[in-house]
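Below is one structure, written out as structure tokens; comments come after it.
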Amino acid sequence: MSLEKVRNFSIIAHVDHGKSTLADRLLEFTGAVSRRELKEQMLDTLEIERERGITIKLQAVRMFYKAKDEQTYTLHLIDTPGHVDFSYEVSRALAACEGALLLVDATQGIEAQTVANFWKAVEQDLVIIPVINKIDLPAADPERVKRQIEDILGLPSDDVILASAKEGIGIEDILEAIVRRIPPPKGDPGKPLKALIFDSYYDAYRGAVAFVRVFDGEVKPGTKIRLFSTGKEFEVTEVGAQTPKMTRFERLSAGDVGYIAASIKDVRDIRVGDTITDARNPAPEPVPGFRPAKPMVYAGIYPSEGYTYEELRDALEKYAINDAAIQFEPETSPALGLGFRVGFLGLLHMEIVQERLEREYGVSIITTAPSVVYRVRLKNGEIKEIRNPTELPENWGFIEAIEEPFVLLTIITPKDYVGNIMSLCQEKRGIQKKFVYLDPNTVLLEYEMPLSEVIMDFHDKVKGLSKGYASYDYEFIGFREEDLVKLNVFINNEPVDALSFIVHRDKAYRRARQLVEKLKDVIPRQLFEVKVQAGIGSKIIASERIPPLRANVTAKCYGGDITRKKKLLEKQKEGKKRLKQFGKVELPQEAFLTVLKVD
Amino acid sequence: MVKALYLHIPFCSQKCPYCDFVSFVEAPLDHRAYLELLLRELELYRDFEILPESLYFGGGTPSLIKPELYAWFFKELSKRIDLSHVEEASLEINPEDYSLEDFSKLRDTGINRVSIGVQSLREEGLRALGRKHTVKRAVETVENAHRAGFENINIDLIFGYEGQTAEELKEELERALELPIKHLSLYLLTPYEDTQFGHLYERGLLKLPSEDSIADMYELACELLEGAGFYHYEVSNFALEGFQCRHNLAYWSHEEFLGLGVSAWSFINKVRFGNTRNIRLYARKVLEGKKPVEYEEVLEGKELLYDYLFTALRTSRGVPKELLRGLEPELYEFFEEKGGRLALNRRGMLLINEVLLRLKKAILL
């Protein structure tokens, strides 16, 4: 196959701008799938993704397009995840392409993620084809969006294609643009194998499967491959591509996009961003840019009442086969017993893991409030990474300084809400770096802000303050020293380690007060009075009491009712399974997340 | 030996929104035919030693059946079992059904205790509970029963309905105490899942008083009734001296009892067994000469102990102290000790479910 007739591209867009629908239409138009076969949003395979309407696993699909020049082209569409948690995965997917469709919603205009993804694509030297989607909607304003594209991204408005993926408008124009504007891949099939992994998943039959872009050389069943980062070697059992069904090929060679299976048992052996080469004839250099996924957010995961540590461990291990981004290690909490400290790419990633553990792996879990990674500089020159507030040394005399991760936050908002958003950012310890009008109605703001403030309740606040119109994106920029203290929470005078958190000193009092009030609301009344307190060290700064239960009675219980009433009481007990026994107090899952709900 | 006999009468003229008992507004067979089935069912238990000291006709609405029919039924019953030891024979009565004359006839059948479903002594209360009768009619019914010669009269009241205040409950109870009653059952309204109230409650369409006002009402009621000489002998039951319901006490002290009729339960030889809830199936089985039993709970060891605590702790008599050796010391504040027995105190009774859950954990784990 001549590389001249191959095009590798991605679609980049803000959440909800219609990426999956566009992907469906391209598949349909090129005949890769018939309309009947086309389940809505073909590319999103996981149940949760479909439910949430977002894409978390990227995949690559091969289709054939007979262009107006009468030539048939092989198109590889590489899907990218649409959430800030997965920005590294996005950059790796883009590295596998020569071009990208930049999709913008005609009613919403450019949003923060659009800009962030645009710059990622520019960094990879991709040809960018701007597409304005949803032009069929009554609220569509394509002219305004065209101006934005020109002013903000510097792309000529003549290049813009108007489309409605839902209505099938503009699909052929897009395909023609892909063929004409995006260059064919370069690469030399004669050189040693060099293939970039941009996604992986676990398949019950094939084992861990790597999705790759082959830059040089070729790979086929029987090839002995080696992973650059680990040196591990495997023998290839199958190569192919999704059409969109998994279809075997004889080989993948330079310029191709497809999958490699090699009886690999653990998806963690094929990390996104790593390079595969031929063990017998290795390439001298990997594709640049690999870094192992680095969790930014950690939380404790513990079994709920009625589930064991072993059951949770099995579930996590099985889950992790399919998610190379999570990290976990056992930890013990005095309050919650044996469990795990689990690292996530971000909050959405955490929610997905939580849901899938419960839904697909059948364990009921308690998750503690997520915390960012803190860096503690000790007076003896040592540097400690703190993934759990309880790891902070009790003796503050040893501590030189505590540093926390900062991000550069980009916010795009209609100008009417700028005031709201700016005060929110200020409250969240943000330092303003940029304020520009993108057009007379839209403002772009940049702030440097502690990541801990972003994971707190930033999302809900931003959406609430802007009626849902503002969008944001962020990237890690480094650790900075701040005046931080540890807030301890006590229940009936006992410290509950899983509820403690690290907070800026100026906010400690307010957070402590709000936290105990919230806890008072979410902790159900118990047989005995419960005292909830928060303090810095052991100095109490806020306190509340939860009055004891007074009524839980089976009013009527006669001969015909005893068995039934016993069962009803049993049901009540089932309802308490999500509670975690802490001393004499039963704490619900919500209690562990209240830390996130206070500002 | 079975000393308590329960007979379930599954007929109702309407389904009450809070009721989770088995009853039929339109039953596929008439009253006499149903009573005949009860007799046939009884015959299936010939192997058992049945020498009742108490009888209880519960429902449903037993008062939908005319006294004449009960007279016939008692005659038939006495042909099959020895009724000479019966000291208490209760019948549940809906205020809309019986006249003075009916009560007089009932008096001659063998029934010596009536339990009248007054439910509320405020019109607003009756409306909130979805009841059709009036306060006046309920009061008349109680008085008629008394005039006809019934000495042992119970009324049922429900508290904790939508909008009720402690002051209003107090008025109702004071009114109740003016009636010629010997026994009062006061039930907390509970919106069970499969009832109309349950559905409304789940969807937030039924607003019940807060936990604290419920508890205040309960304490007030206990205070008031005990002040009037009504002994609080079970979670929801109060009686003047000598008028505790011996039939119900059998349920709460692990005495054996036999239940006849659709959905009725029995407890014999440490087994709880229950009849089908399907009236057609019930009839077919009985006619075929088969026991219509569909559910069974065999109680052994710790389960038996828990079952005993589940029932006996409802009473002010409580349980022998030794049985609660595993009791967490902090739970003592919900108990009182008398004569080597431990019984829930007033606070404890209102929290019986919590206490039982803790006990169960302590016993069974």
(message) Suppose we filter B:161, B:201, B:218 for residues that are aromatic (Phe, Trp, Tyr), in the same structural domain as residue B:232 (by TED's automatic domain parsing) and modelled with pLDDT under 95; which single one remains?
(response) B:201
(request) Examine the stretch B:315-325 for a residue that is in contact (Cβ under 8 Å) with a residue 40 or more places away in the chain and within 14 Å of chain A (Cβ to nearest Cβ), and state whether such a residue exists. (result) yes
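Restricting to the stretch B:257-288, what's the tally of residues that are surrounded by fewer than 18 Cβ atoms within 10 Å (Cβ to Cβ) and touching a Lys or Arg at 6+ places or on another chain (Cβ under 8 Å)?
First, pick out the residues of the stretch B:257-288 that are surrounded by fewer than 18 Cβ atoms within 10 Å (Cβ to Cβ): B:268-271, B:277-278, B:280-281, B:284, B:287-288.
Pick out the ones that are also touching a Lys or Arg at 6+ places or on another chain (Cβ under 8 Å) and you get B:287.
Residues flagged as surrounded by fewer than 18 Cβ atoms within 10 Å (Cβ to Cβ) and touching a Lys or Arg at 6+ places or on another chain (Cβ under 8 Å) within the stretch B:257-288 amount to 1.
Residue-by-condition table, conditions (1) surrounded by 17 or more Cβ atoms within 10 Å (Cβ to Cβ); (2) of a type outside the set (Asp, Glu); (3) without any contact (Cβ under 8 Å) to a residue 40 or more places away in the chain:
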position	(1), (2), (3)
A:287	yes, yes, no
A:301	yes, yes, no
A:306	no, yes, no
A:320	yes, yes, no
A:328	yes, yes, yes
A:335	yes, yes, no
A:338	no, yes, yes
A:350	yes, yes, no
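Does residue B:54 satisfy the condition of being of a type in the set (Ser, Thr, Tyr) and either part of a loop (DSSP other than H, G, I, E, B) or crowded, with 21+ Cβ neighbours inside 10 Å (or both)?
On the way: of a type in the set (Ser, Thr, Tyr): yes; either part of a loop (DSSP other than H, G, I, E, B) or crowded, with 21+ Cβ neighbours inside 10 Å (or both): yes.
So residue B:54 fits the description; yes.
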(request) Evaluate the stretch A:560-571: report whether one residue or more is surrounded by fewer than 21 Cβ atoms within 10 Å (Cβ to Cβ), within 38 Å of the chain's Cα centre (by Cα) and more than 13 Å from every other protein chain (Cβ to nearest Cβ). (result) no
(message) Looking at (1) in contact with a Gly (Cβ under 7 Å, 6 or more places away or on another chain); (2) farther than 25 Å from residue A:348 by Cβ; (3) not β-branched (Val, Ile, Thr), which one does residue A:447 not meet, given that it meets all the others?
(response) (2)
(request) Considering every residue within the stretch B:188-202, establish whether at least one is of a type in the set (A, V, I, L, M, F, W, C), touching a Lys or Arg at 6+ places or on another chain (Cβ under 8 Å) and more than 14 Å from chain A (Cβ to nearest Cβ). (result) no
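From the list A:522, A:553, A:595, A:532, which residue is at the interface with another protein chain (Cβ under 8 Å from one of its Cβ atoms) and either out of contact with any Pro (no Cβ under 9 Å at 6 or more places or on another chain) or of a type in the set (A, V, I, L, M) (or both)? Walk me through how you get there before you give the answer.
Numbers: A:522 fails: at the interface with another protein chain (Cβ under 8 Å from one of its Cβ atoms); A:595 fails: at the interface with another protein chain (Cβ under 8 Å from one of its Cβ atoms); A:532 fails: at the interface with another protein chain (Cβ under 8 Å from one of its Cβ atoms).
Unique residue meeting the criteria: A:553.
Residues are listed down the side, and each one gets a yes or a no for (1) among the hydrophobic types (A, V, I, L, M, F, W, C); (2) buried (at least 19 other Cβ atoms within 10 Å of the Cβ); (3) more than 24 Å from residue A:558 (Cβ to Cβ); (4) assigned by TED's automatic domain parsing to the domain that holds residue B:238:
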| position | (1), (2), (3), (4) |
| --- | --- |
| B:303 | no, no, no, no |
| B:306 | no, no, no, no |
| B:319 | yes, yes, no, no |
| B:322 | no, no, yes, no |
| B:328 | no, no, yes, no |
| B:333 | no, no, yes, no |
| B:338 | no, no, yes, no |
| B:344 | yes, yes, no, no |
| B:349 | yes, yes, no, no |
(message) Residue under question is residue B:169, and the condition is that it be away from chain A (no Cβ under 13 Å), touching a residue at least 12 places away in the same chain (Cβ under 8 Å) and under 20 Å from residue B:124 (Cα atoms); does it hold?
(response) yes
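Taking residue B:303 as the residue in question, decide whether it is within 30 Å of residue B:278 (Cα to Cα) and within 12 Å of another protein chain (Cβ to nearest Cβ). Quick ask: steps written out before the conclusion?
Numbers: within 30 Å of residue B:278 (Cα to Cα): yes; within 12 Å of another protein chain (Cβ to nearest Cβ): yes.
When the stated conditions are applied, residue B:303 passes them.
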(request) Only strands (runs of 3 or more DSSP E) wholly contained in the stretch A:296-385 count here; list those with 1 or more residues that are more than 25 Å from residue A:85 (Cα to Cα). (result) A:297-303, A:327-333, A:337-344, A:374-378
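So for the stretch B:154-162 (the condition being more than 14 Å from chain A (Cβ to nearest Cβ), more than 21 Å from the chain's Cα centre (by Cα) and assigned to a loop (DSSP other than H, G, I, E, B)), does at least one residue qualify?
Going through the stretch B:154-162, the residues more than 14 Å from chain A (Cβ to nearest Cβ) turn out to be B:155, B:162.
Narrowing further to those that are more than 21 Å from the chain's Cα centre (by Cα): B:162.
Filter once more, so that each one left must be assigned to a loop (DSSP other than H, G, I, E, B): B:162.
Yes.
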(request) Sort out which residues of the stretch B:290-301 are out of contact with any Phe, Trp or Tyr (no Cβ under 7 Å at 6 or more places or on another chain), surrounded by 13 or more Cβ atoms within 10 Å (Cβ to Cβ) and of a type outside the set (D, E, K, R), and write them in order of number. (result) B:299
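Out of the residues in the stretch A:534-559 that are hydroxyl-bearing (Ser, Thr, Tyr) and surrounded by fewer than 17 Cβ atoms within 10 Å (Cβ to Cβ), state the one that is modelled with the lowest pLDDT. Spell out the reasoning first.
Pass one, the stretch A:534-559, residues hydroxyl-bearing (Ser, Thr, Tyr): A:538, A:543, A:554, A:558.
Subset that is surrounded by fewer than 17 Cβ atoms within 10 Å (Cβ to Cβ): A:538, A:543.
Numbers: A:538: 77, A:543: 95.
Looking at the filtered set, the residue picked out is A:538.
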(request) Look through the stretch A:482-524, keep the residues that are aromatic (Phe, Trp, Tyr) and either in contact with a Cys (Cβ under 9 Å, 6 or more places away or on another chain) or buried (at least 19 other Cβ atoms within 10 Å of the Cβ) (or both), and return whichever of them is farthest from residue A:298 (Cα to Cα). (result) A:490
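Within the group B:208, B:184, which residue is within 14 Å of another protein chain (Cβ to nearest Cβ), within 14 Å of residue B:129 (Cα to Cα), in contact (Cβ under 8 Å) with a residue 24 or more places away in the chain and buried (at least 18 other Cβ atoms within 10 Å of the Cβ)?
Values: B:184 fails: within 14 Å of residue B:129 (Cα to Cα).
Result of the check over B:208, B:184: B:208.
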(message) Among the numbered criteria (1) within 14 Å of chain A (Cβ to nearest Cβ); (2) under 17 Å from the mean Cα position of the chain (by Cα), which one does residue B:52 miss?
(response) (2)
(request) Report yes if residue B:330 is at the interface with another protein chain (Cβ under 8 Å from one of its Cβ atoms), in a helix (DSSP H, G or I) and acidic (Asp, Glu), otherwise no. (result) yes
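Among the residues of the stretch B:140-170, which ones are of a type outside the set (S, T, N, Q), on the phi < 0 side of the Ramachandran plot and buried (at least 19 other Cβ atoms within 10 Å of the Cβ)?
From the stretch B:140-170, those of a type outside the set (S, T, N, Q) are B:140, B:142-143, B:145-151, B:153, B:155-163, B:166-170; that's our starting set.
So of that shortlist, the ones also on the phi < 0 side of the Ramachandran plot come out as B:140, B:142-143, B:145-148, B:150-151, B:153, B:155-159, B:161-162, B:166-170.
Scanning the stretch B:140-170 gives B:142, B:145, B:148, B:150, B:153, B:155, B:156, B:157, B:158, B:159, B:161, B:169.
Here's a check for you: in the stretch A:248-282, which residue that is free of Cβ contacts under 8 Å to residues at least 40 places away in the same chain and part of a strand (DSSP E or B) is nearest to residue A:189 (Cα to Cα)?
First, pick out the residues of the stretch A:248-282 that are free of Cβ contacts under 8 Å to residues at least 40 places away in the same chain: A:248-251.
Add one more test, that the residue is part of a strand (DSSP E or B), and what stays is A:248-249.
On the way: A:248: 19, A:249: 16 Å.
The selected residue is A:249.
The values are calculated or read from the model by the stated rules, or taken from the named source; none is laboratory data. As the structure is a prediction and not an experimental result, all values here were calculated from the model. Methodologically, a virtual Cβ is constructed for each residue, glycine included, from the backbone with ideal geometry; neighbour enumeration extends over all protein chains shown.
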